[in-house]
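These notes are about the structure you will find just below.
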Amino acid sequence: MKIGVFVCHCGSNIAGTVDTAQVAEAARALPGVAFATDTMYACSEPGQEGIIDAVKENELDGVVVASCTPRMHEATFRRTVERAGLNRYMFEMANIREHVSWIGKDMESNTNKAADLVAMAVAKLRENRLLFPKKFDINKRVMIIGGGVAGIQAALDCAEGGLEVVLVEKTTTIGGKMAKLDKTFPTVDCSSCILGPKMVDVAQHPNITLYAAAEVDDVSGYVGNFKVAIRRKQTYVDWNLCTGCGLCMEKCPSKKTPDPFNEFVGTTTAINIPFPQAIPKKASINAETCIMLRKGKCGKCAEVCPTEAIRFDQKEEIAHEEVGAIVAATGYDLFDHSIYTEYGGGRIRDVITSMQYERMLSASGPTGGHVKRPSNGEEPKSVVFIQCVGSRDKSVNRPYCSGFCCMYTAKQTILTKDHIPDSQSYVFYMDIRSPGKNYDEFTRRAMEEYGARYIRGRVAQVYEKGDKLIVRGADTLTGTSIEVEADLVVLAVGAESTRGASALAEKLRISYDTYGFYMESHPKLKPVETNTAGVFLAGCCQGPKDIPSSVGQGSAAASKVLTLFSKDQLESDPQISQVDIKRCIGCGKCISTCPFGAIKEIDFRGQPKAEVIETVCQGCGICTSTCPQGAIQLQHFTDNQILAEVMSLCPPLLEKSFE
Amino acid sequence: MSEARTFGYYPGCSGMGTSMEYERSTRAVCEALGIKLVDLEDWSCCGSTPAHTVDHVLSAALSGRNLSIAESMGLDTIITPCPSCLTNLKTATHRMENPAFKQKVDALLDKPANNTVTVKSVLQVIYEDVGPETIRQQVVRPLSGLAVAPYYGCIMNRPPDVMQFDDPENPIAMDEILSALGADVVPFGLKVECCGASHGIAQKDVVTTLSGRLIELAYAENAMAMVAACPLCQMNLDLRQGQINAANKSRYNMPVFYYTQLIGLALGLPEKQLGFDKLAVNPDKVLRAIQEQSHVAQ
């Protein structure tokens with residue numbers, strides 16, 4: 001075999017601390033190496049052309065590039081060798097940047113280590129075999145998980161692109177957090193006026209199937225061919241018959257049901273439609289407060305329902321859908337402010353969250369748009385906003401900035417002045433973070449035109465004094481402590497990953513960070529992809545975001561799905577396990593260890609044997625290390641290939657072949 | 001209630017002098033609640049506030065000696081009514097978990113402590129081992145009609161990782177015990193706010209400002225009395241109330257009880273065991289108000 005070795009300088013990234021010419025020199029002495037050189041930027045156009053020319057001139061059979069991590073450019077160089085007429089698996093990469101030059105400054109030891117890594121790559125390449133991908137068909141349907149604004153945007157864009165869309169939403173209506181907002185920053189336009197029409201579009205689009213009150217139960221399969229089981233929760237109402245007339249809500253005697261849509265500021269009826277613009281506009285029953293479901297008598301709603309849609313005996317069902325791609329748009333949850341006991345949230349009635357305040361400001365909210373103190377129903381004249389409640393605070397395990405709280409607080413101070421002209425707002429803040437378009441101007445308006453008083457410093461304590469609240473904090477700009485007498489305290493709660501996010505991530509086989517936010521494939525260059533092919537991200541499930549960014553990411557995810565579906569067939573990765581049927585003793589160990597269920601037992605001339613289901617195998621290699629016979633081998637990472645790498649570093653002790 | 005629980009008892013120096021009524025009522029209440037107290041033999045001062053400001057090792061050695069005494073008496077838990085003693089004993093235990101630190105402390109002691117003794121406040125034992133429910137069942141004279149502001153002081157629960165008891169910002173142990181006694185507990189937002197501590201000698205204005213603020217809030221919340229768990233807090237609020245009035249031009253007349261005095265009262269213990277006569281602000285009027293209330297109830 002004739003092998004070519006190319007040692008990349010990567011500018012000074014590698015050449016600064018590795019003698020690349022010497023590494024190439026050392027490579028020339030390795031068995032099988034017919035050509036070795038160092039090159040300024042192997043990934044650049046002249047760099048790639050140099051590789052192609054060298055392959056042709058020297059009639060090379062394989063290529064080793066010593067440069068950066070394969071995560072960055074393995075695909076690039078595989079395409080290069082393919083253009084030179086070689087099989088793309090006759091290529092190996094030695095990582096002498098992340099593994100060598102970036103972690104040490106000693107030129108001599110770096111050069112030696114780089115030479116060792118090149119020797120390993122050459123040794124492996126000598127054992128490489130030609131591999132050929134197979135083609136398989138794509139199911140051009142897409143599932144969007146989560147019906148907030150990001151999911152709605154992704155669903156509409158995919159549907160407009162001609163795809164069949166399955167939208168799964170766990171609550172009884174789409175709209176997400178945005179539907180709860182009164183106004184949006186920095187335009188102060190009505191949130192439901194801009195979101196409502198989009199929600200209607202979802203309901204009316206012929207390409208969109210909406211599963212509300214449903215959750216993803218199980219996901220199997222692979223890119224192009226996912227199988228999803230959807231758990232449809234019981235609503236106790238036949239949604240095919242319900243017309244959303246609302247008669248049942250009027251007659252329901254159980255009027256003390258906690259109202260999650262109104263952030264528990266008000267109450268609702270046991271049978272309810274969450275809000276007037278809900279999509280689908282269907283009623284559902286809260287089993288915990290329904291008198292019929294708890295005590296077996298009542299049934300008022302069933303009596304008045306003109307379409308006889310009430311089903312007290314409804315059970316949850318499992319629906320099955322087959323799709324080719326999945327977009328996770330599961331959103332976020334709000335931080336539990338009661339953890340800060342010094343602020344008195346959950347204990348002092350006039351300390352509320354920003355979202356509760358938002359519902360109070362909303363004309364369709366529980367107070368009809370009137371701001372009232374929960375304790376006595378009076379209009380507050382002095383309102384204190386406390387920022388960073390559950391943001392940028394290591395002590396509550398939320399060191400990250402939630403990003404949108406500065407802006408919604410500024411908006412709420414403006415709305416407060418609009419609602420109560422003789423009121424005064426105070427904002428305790430750490431920094432103002434308002435980097436979006438027209439954002440900084442907006443916070444300035446809150447201060448300069450609407451007279452909100454911004455105090456830089458954290459609040460130490462909120463306590464009651466008679467019917468007032470005393471807010472004690474620091475003013476770090478004047479270096480003094482400060483006390484403000486308030487009628488209402490609004491805690492600007494931060495965002496955290498939605499409950500159940502990690503469980504869904506495991507079903508989708510995607511990664512999540514310490515805080516439960518889903519990990520993108522590359523923080524800069526692949527912001528909506530995941531490391532699982534065919535699964536994309538949109539909105540706050542990836543990290544806290546404002547509405548414009550969520551919508552942007554929803555569209556980006558949709559465009560990625562459309563790009564994926566622009567082909568009729570996908571190539572399968574040939575780097576999967578393969579069973580040597582002669583060596584296999586049918587013990588079944590590989591079947592029980594495979595996390596993907598990709599190995600099945602077959603009968604081969606009366607003997608049990610293992611067989612790999614090629615489209616399901618993810619190439620993790622667990623079966624290979626499990627097999628006592630060495631009968632199952634991961635292609636491109638066979639025992640012989642890995643041993644060749646080891647032996648290039650250590651003197652060979654074993655001569656036995658495992659293949 | 002089950003058999004008596006036995007604890008090593010560390011009264012602290014103030015219990016011998018400035019807070020005799022706390023000490024006496026603690027002993028009476030513990031006996032009534034089935035908590036058996038075994039006095040540490042030949043205990044010494046914990047060093048109070050000054051010691052640890054000078055040297056952590058010397059300060060820990062003072063507590064180390066007391067912990068060692070408890071070990072040789074075969075006691076597994078020490079309880080103390082005074083939060084300052086509690087802080088010193090707990091902090092010493094906490095610091096001596098570091099072997100290098102413990103070695104320095106051991107060198108100063110005849111007999112080193114082996115870190116086998118748990119330290120708790122009397123309040124913690126009454127709250128956790130006896131519990132508000134059991135207390136409620138033993139109440140013979142409910143404190144109905146008595147609106148009280150519970151005041152914990154700043155060190156009973158803090159720092160939380162050392163003290164490991166109740167919430168550091170909004171403790172509720174005394175609130176629940178007082179409710180169980182039938183008292184009306186007012187929302188008191190400055191439960192863990194500093195009273196000025198020992199600044200009363202060096203900078204009296206600190207105490208008159210900070211303690212004044214505490215009493216002012218208790219008035220604003222319509223409390224008839226304050227309830228303390230710390231000898232120093234109680235002294236600042238009670239004994240110095242005249243000074244506070246003089247400095248703030250106020251006319252406060254707010255009795256400041258120890259929580260143990262009120263438990264004793266509700267359990268029907270003889271008043272002379274509870275030391276109400278030791279309080280500086282005369283509590284008679286407030287105490288009469290309760291009795292009239294309970295007469296009405298009967």
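Tabulated data for the structure shown
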{"quantity": "Solvent-accessible surface (1.4 angstrom probe) belonging to A:Thr367, in square angstrom, nearest 10", "calculated": "30 Å²"}
{"quantity": "FRET efficiency estimate (nearest 0.05) - Cβ-Cβ, B:Thr53 to B:Lys249, R0 35 angstrom", "calculated": "0.55"}
{"quantity": "Extension gain (nm, one decimal) between B:Ser72 and B:Leu239, 0.36 nm per residue minus Cα-Cα", "calculated": "56.2 nm"}
{"quantity": "Rounded to 5, the percent of DSSP beta bridges in chain A classed as antiparallel", "calculated": "50 percent"}
{"quantity": "Length-normalised contact order for region A:47-146 - Cα pairs under 8 Å, 6+ apart - percent", "calculated": "28 percent"}
{"quantity": "Estimated FRET transfer efficiency (A:Asp603, A:Arg79; beta-carbon r; R0 35 Å; 0.05)", "calculated": "0.25"}
{"quantity": "Positive dipole terminus of the protein assembly as shown, leading residue within B:Ala289, A:Ser521, A:Thr243 (C-beta point charges)", "calculated": "A:Thr243"}
{"quantity": "Simple Cβ-charge dipole of the protein assembly as shown, Lys/Arg +1 and Asp/Glu -1, about Cα centre, in debye nearest 20", "calculated": "1040 debye"}
{"quantity": "Rg over Rh, two decimals, chain B (C-alpha only, Kirkwood Rh)", "calculated": "0.97"}
{"quantity": "Solvent-accessible ranking of A:Asp431, A:Asp573, largest area first, probe 1.4 Å", "calculated": "A:Asp573, A:Asp431"}
{"quantity": "Anisotropy class of region A:323-449 from Cα gyration tensor, a/c 1.5 cut", "calculated": "rounded"}
{"quantity": "Solvent-accessible area of B:Tyr219 with every protein chain in place, 1.4 Å probe, in Å² to the nearest 10", "calculated": "90 Å²"}
{"quantity": "Pairwise FRET efficiency - B:Ser144 versus A:Ser625, Cβ, R0 = 56 Å, nearest 0.05", "calculated": "0.15"}
{"quantity": "Leading residue at positive end of dipole, chain A (Cβ point charges), from A:Ala213, A:Val646, A:Leu537", "calculated": "A:Ala213"}
{"quantity": "Rg over Rh, two decimals, region A:167-206 (C-alpha only, Kirkwood Rh)", "calculated": "1.02"}
{"quantity": "Region B:89-146: C-alpha gyration tensor shape, a/c 1.5 cut-off, then a/b vs b/c", "calculated": "prolate"}
{"quantity": "Full-extension gain in nm, A:Ser375 to A:Lys256, via 0.36 nm per residue minus C-alpha separation", "calculated": "41.0 nm"}
{"quantity": "Overall Cα dimensions of region B:1-84, principal axis frame, Å, largest first", "calculated": "45, 30, 18"}
{"quantity": "Mean Cα-pair separation over length for region A:577-634, i.e. relative contact order, pairs under 8 Å, 6 or more apart, %", "calculated": "46 percent"}
{"quantity": "Computed over region A:336-494: relative contact order in percent, which uses C-alpha pairs under 8 Å that are six or more apart", "calculated": "30 percent"}
{"quantity": "Acute angle (nearest 10 degrees) that the helix A:547-564 long axis makes with the longest principal axis of chain A, alpha-carbon atoms", "calculated": "40 degrees"}
{"quantity": "Accessible-area ranking of A:Asp201, A:Asp467, largest first, probe 1.4 Å", "calculated": "A:Asp467, A:Asp201"}
{"quantity": "Estimated distance in nm for a label pair at A:Lys134 and B:Asn98, the labels positioned 7 Å out from Cα along Cα-to-Cβ", "calculated": "6.4 nm"}
{"quantity": "Label-point separation in nm, B:Thr134 to B:Ala289, each point 7 Å along Cα→Cβ", "calculated": "3.2 nm"}
{"quantity": "Tilt relative to chain A, helix A:149-160 - C-alpha long axis, 0 to 90 degrees, to 10", "calculated": "60 degrees"}
{"quantity": "Backbone N under 16 Å from the A:Cys587 label point (7 Å along Cα→Cβ), restricted to region A:613-639", "calculated": "A:622-633"}
{"quantity": "Taking the C-alpha atoms of region A:3-133, convex hull volume expressed per residue in Å³", "calculated": "86 Å³"}
{"quantity": "Over chain A, equivalent-ellipsoid semi-axes from the Cα gyration tensor in Å", "calculated": "56, 34, 21"}
{"quantity": "Distance (nanometres) between label positions extended 7 Å along Cα→Cβ at B:Lys36 and A:Ala363", "calculated": "7.5 nm"}
{"quantity": "Gyration tensor (alpha-carbon) shape descriptor, region A:239-306, a/c threshold 1.5", "calculated": "oblate"}
{"quantity": "Net length gained if the chain between A:Cys650 and A:Cys193 were fully extended (0.36 nm per residue, minus Cα distance)", "calculated": "157.5 nm"}
{"quantity": "Region A:336-494, dipole about Cα centre (Lys/Arg Cβ +1, Asp/Glu Cβ -1), debye to the nearest 20", "calculated": "380 debye"}
{"quantity": "Rg/Rh (Cα only; Kirkwood hydrodynamic radius) as it applies to region A:482-591", "calculated": "1.22"}
{"quantity": "Residue-level accessible surface for A:Lys135, protein heavy atoms, 1.4 Å, Å²", "calculated": "130 Å²"}
{"quantity": "Residues of region A:217-236 with amide N under 20 Å of a point placed 7 Å along Cα→Cβ from A:Ala533", "calculated": "A:219-228"}
{"quantity": "P(r) weight above 14 Å for region A:560-614, C-alpha pairs, percent", "calculated": "61 percent"}
{"quantity": "Degrees between helix A:107-127 axis and first principal axis of chain A (Cα, 0 to 90, nearest 10)", "calculated": "80 degrees"}
{"quantity": "Where a label projected 7 Å from the Cα of A:Ile339 along Cα→Cβ would reach, residues of region A:380-403 with amide N under 12 Å", "calculated": "A:389-400"}
{"quantity": "Charge dipole (debye, nearest 20) of region A:182-241; +1 at Cβ of Lys and Arg, -1 at Cβ of Asp and Glu", "calculated": "100 debye"}
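The values are calculated or read from the model by the stated rules, or taken from the named source; none is laboratory data. Everything numeric here is computed off the predicted structure, so don't read it as measured data. FYI the Cβ positions are ideal-geometry reconstructions off the backbone, even for glycines, and counts take in every protein chain you see. Just the protein is used for accessible areas: all its heavy atoms, side chains included, with ligands, DNA and RNA removed. Shrake-Rupley method; radii C 1.70, N 1.55, O 1.52, S 1.80 Å.
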